[in-house]
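Here's the structure, in structure tokens; my notes come after.
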Amino acid sequence: MKLLALPALSDNYFWLWHNDQAAVVIDPGEAAPVLEALNRLGLELQHIVVTHHHKDHVGGIAELVQHTGALVHGPEHESVPKPCQVLQGGDALEVLGHTLEVLAVPGHTATHLAYFAASSPDQSTPLLFCGDTLFSGGCGRLFEGSPQEMLASLKVLGHLPANTQVCCAHEYTLSNLKFATHVEPNNPATVAHQAHCEALRLRGEPTVPSSIGLELQINPFLRTQTPGVIASVLAHQPGLDPHNEVDVFAALREWKNTF
Ligand SMILES: [Zn+2]
């Protein structure tokens, strides 16, 4: 299987996963870049997989279905174009001979889903399509869910195998790492990854996919139990209970909103 990040809109990636004949696209917020890639690579689009209902993730679906007849799979929401196979956490979705394990990850939206593909003979590393839940160095904003829900969702993702490739939906890495290095100035992994990503962006290359193992080292939103992150959050918001991880996470998320 091959994996391509199609840059689109202002800073989105639409993930195209294919076997040189048939393809799956995740979160196509517009049709044109997907149609161009299908045409260029000679691929037949069979499945459209949706993580959540925001326009920049579903805006291209109707046009893609019209052109390709691809099947749509995603969460229950009026903004996801119909017909759509409605999925929820615990479901398994079969695409191109592979199983995508459906994970419920509420927080950014109430019905946000993530999709995990285990490694297999023709997929050497596991893959995670996580939409706007986990980003490299950060996490999505809480539009419909509580800090408690988002923290629980991120923990589900953090427990996936360390070599899982994290295919998130936006190129937010440098801005996230600016915040991450502010929160953890003495974390050498974050500082080193920031330099690496700056070089990638100068060459116009994506900073993703990341991996779960790397995110556990650099992403403050997966590190709300580490002393450095707790101390920083406490300095930003004195009076917080450092033993209440949900409160630490909530304060960290609010801090990032205004950083
Ligand atoms: Zn979103």
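If I ask for residues that are part of a strand (DSSP E or B) and without any contact (Cβ under 8 Å) to a residue 40 or more places away in the chain, which ones from the range 118-130 would you list?
Matches in the range 118-130: S120 only.
Check A117, A92, A31 and return the single one that is closer than 20 Å to S211 by Cβ and more than 16 Å from the ligand (Cβ to nearest atom).
It is A117.
On the basis of being touching a Cys at 6+ places or on another chain (Cβ under 6 Å), of a type in the set (S, T, N, Q) and surrounded by 15 or more Cβ atoms within 10 Å (Cβ to Cβ), does T164 make the cut?
When the stated conditions are applied, T164 does not pass them.
Taking the range 120-149, which residues are modelled with pLDDT of 95 or more, away from the ligand (no atom under 11 Å from the Cβ) and among the charged types (D, E, K, R)?
E149
Determine, yes or no, whether L177 is closer than 30 Å to T258 by Cα, in contact with a His (Cβ under 9 Å, 6 or more places away or on another chain) and aliphatic (A, V, I, L, M).
Considered against the rule, which asks whether it is closer than 30 Å to T258 by Cα, in contact with a His (Cβ under 9 Å, 6 or more places away or on another chain) and aliphatic (A, V, I, L, M), L177 comes out as yes.
I'd like the full set of residues that are more than 20 Å from T207 (Cα to Cα) and among the polar types (S, T, N, Q), limited to the range 10-55.
N19, Q21, N39, Q46, T51
Listed residues A22, A37, A32; which is touching an Asp or Glu at 6+ places or on another chain (Cβ under 6 Å) and of a type in the set (A, V, I, L, M)?
On inspection, the qualifying residue turns out to be A22.
Rundown of residues vs (1) small (G, A, S); (2) within 25 Å of H236 (Cα to Cα); (3) in contact (Cβ under 8 Å) with a residue 60 or more places away in the chain, yes/no style:
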site	(1), (2), (3)
D132	no, no, yes
F143	no, yes, no
P161	no, no, no
C167	no, no, yes
E184	no, yes, no
G213	yes, no, no
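Among the residues in the range 170-191, are any within 16 Å of the ligand (Cβ to nearest atom) and among the aliphatic types (A, V, I, L, M)?
Looking for residues that are within 16 Å of the ligand (Cβ to nearest atom) and among the aliphatic types (A, V, I, L, M), one finds none in the range 170-191, hence no.
If we scan the range 237-259, do we find a residue that is in contact (Cβ under 8 Å) with a residue 24 or more places away in the chain and outside any helix (DSSP H, G or I)?
Looking for residues that are in contact (Cβ under 8 Å) with a residue 24 or more places away in the chain and outside any helix (DSSP H, G or I), one finds at least one in the range 237-259, hence yes.
If a residue counts only when it is among the hydrophobic types (A, V, I, L, M, F, W, C) and modelled with pLDDT under 95, which helices (runs of 4 or more DSSP H) contained entirely in the range 1-108 have at least 2 such residues?
In the range 1-108, no matching helices (runs of 4 or more DSSP H) lie anywhere.
Among the residues of the range 49-61, is there at least one that is more than 16 Å from the ligand (Cβ to nearest atom), buried (at least 20 other Cβ atoms within 10 Å of the Cβ) and of a type outside the set (D, E, K, R)? I'd like the intermediate steps shown before the answer.
Initial filter on the range 49-61 (more than 16 Å from the ligand (Cβ to nearest atom)): none.
The answer is no, given that none of the residues of the range 49-61 is more than 16 Å from the ligand (Cβ to nearest atom), buried (at least 20 other Cβ atoms within 10 Å of the Cβ) and of a type outside the set (D, E, K, R).
Name every residue in the range 167-193 that is polar (S, T, N, Q) and crowded, with 19+ Cβ neighbours inside 10 Å, in order of residue number. Reasoning before the result, please.
As a first pass, look at the range 167-193 and keep what is polar (S, T, N, Q): 173, 175-176, 181, 186-187, 190.
Matches in the range 167-193: T173, N176, N187, T190.
The values are calculated or read from the model by the stated rules, or taken from the named source; none is laboratory data. Small disclaimer: the values here were computed from a predicted structure and weren't measured. Counting neighbours? That spans all protein chains shown, and the Cβs are built from the backbone with ideal geometry, glycine included.
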